[in-house]
1. Calculate for the chain the 222 nm mean residue ellipticity that helices alone would give, adding -39,500 (n - 2.57) per DSSP H run of length 4 or more and normalising by residue count, nearest 500 deg cm²/dmol.
2. To two decimal places, what compactness ratio does the range 4-321 give when its Cα radius of gyration is scaled by 2.2 N^0.38 Å?
3. Which cross-chain or sequence-distant (5 or more) residues have an amide H under 5 Å from the amide H of Ile7, H modelled 1.01 Å from N in plane?
4. With a length cut of 20 Å (Cα positions projected on each helix's long axis) and a Kyte-Doolittle mean of at least -0.5, go through the chain and give me the DSSP H helices that pass.
5. What is the Cα centroid distance between the range 165-199 and the range 246-323, reported in whole angstrom?
6. Could you sort 269-275, 119-125, 52-58, 97-103 so that the peptide with the highest average Cβ count within 10 Å comes first and the rest follow in order?
7. How would Tyr63, Tyr30 rank on accessible area, largest to smallest, probe 1.4 Å?
8. Return the carbon/sulfur percentage of the accessible area of the chain, one whole number, probe 1.4 Å, all protein chains in place.
Amino acid sequence: MKILKIIYSHNHLNHQPGHEIDKGKFIENYDKPERIERIREKLIVHEMGDFLEPMDFPTSYLYTVHSSTYIEWLKNKSNSLKKNEEYFPEVFGYDRCFDTGTPIMRNTFEQAWLSAKIALSGAKLILEDEDFVYCLCRPPGHHANSVYCGGYCYFNNAAMSAFYLVKEGFDVAILDLDFHHFNGTQDIFYNSNLLTISIHGHPKWAYPWISGYEWENGEEDGLGYNINIPLEKGTEIDEYSRSLELALTEIEDYDPDFLIVSLGFDTHIDDPQGDFNLRTDDYELIGKMIGEAGYPTLFIQEGGYNPEASANAALKFFKGVLK
Ligand SMILES: [Zn+2]
């Protein structure tokens, strides 16, 4: 019988970004604790897996992905703020952020590091012969590259867990199923032969707009190892599952020891940020296709901004994975 291990820390509740700037106006920030809490409750009620606390790691792991300048900047900025103060980095200037949706608060560094430790714990577990490990990371990570935060992301959790496994001598592929393009993950591995694939809303109309086109294939040693599959507004499961099949064929050719899935449920039709039309039941097929691919798989939580829709999608998804 296949088993799911789930890594979760209630300390993510302390990550409470209040606002973001959208089209010049302050709006409520979408990265709410409920995103993770609803998923957790749903998986507990349906006895979908065993919950574990994250382990501790030295902060030196941050440097496997991020530059020391960026890490120090985030740490110093967080430490300089008063309780409940919310700082919006300048996009063009000294600050190291590429958008206006990613505020920094006094505990941001600590919270982002906790999220990364959840991913590192997952990597450690998957090395110990687990089949499937689900990391309930929050804040998410896939928009952060080695020198910038953005898109609610500060540290790239998927990339950090990938480096952890690579350092142990294993081949890893990353498949990103969040609605938004994984610009941070793509940047980090653009010159590397670690296979990175993303299925996402087309950048001609979807955030982060700056990247996600088919022609972004990698450079130098990475040439051919970055694959983008941008899809149109309103994409339904038929088209989506064809794209996923294509991605899984590429992964099969690459033949990794481990698969890392950056998992976002903002592909759900009821998500306020995504524009795909995937329905709750569709996630069972998506999960089944990934489970049947047969790799020990680490699932890293990314987006998903309708807590109830995400929870229902997560339940179906993991039912499919464990089938
Ligand atoms: Zn997203």
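1. Details: 8 runs with 107 residues, N = 323.
Mean residue ellipticity, 222 nm, calculated: -10500 deg cm²/dmol.
2. Working: Rg = 17.8 Å, N = 318, 2.2 N^0.38 = 19.6 Å.
Compared with the compact-globule rule of thumb, the range 4-321 sits at 0.90.
3. Leu52, Tyr134, Cys135, Leu136
4. TM-like helix candidates: 108-127, 237-254, 307-321.
5. 16
6. Result, highest mean Cβ count within 10 Å first: 119-125, 97-103, 269-275, 52-58.
7. My answer, sorted largest first, is Tyr63, Tyr30.
8. Its accessible area is 48 percent carbon and sulfur atoms.
The values are calculated or read from the model by the stated rules, or taken from the named source; none is laboratory data. Just so it is clear, the structure is predicted and the values come from calculations on it, not from any experiment. A quick note on method: Cβ atoms are made from the backbone with ideal geometry, for glycine too, and the neighbour counts reach across all protein chains shown. To get the accessible areas, we keep the full protein, side chains included, count just its heavy atoms, and leave off ligands, DNA and RNA. Shrake-Rupley method; radii C 1.70, N 1.55, O 1.52, S 1.80 Å.
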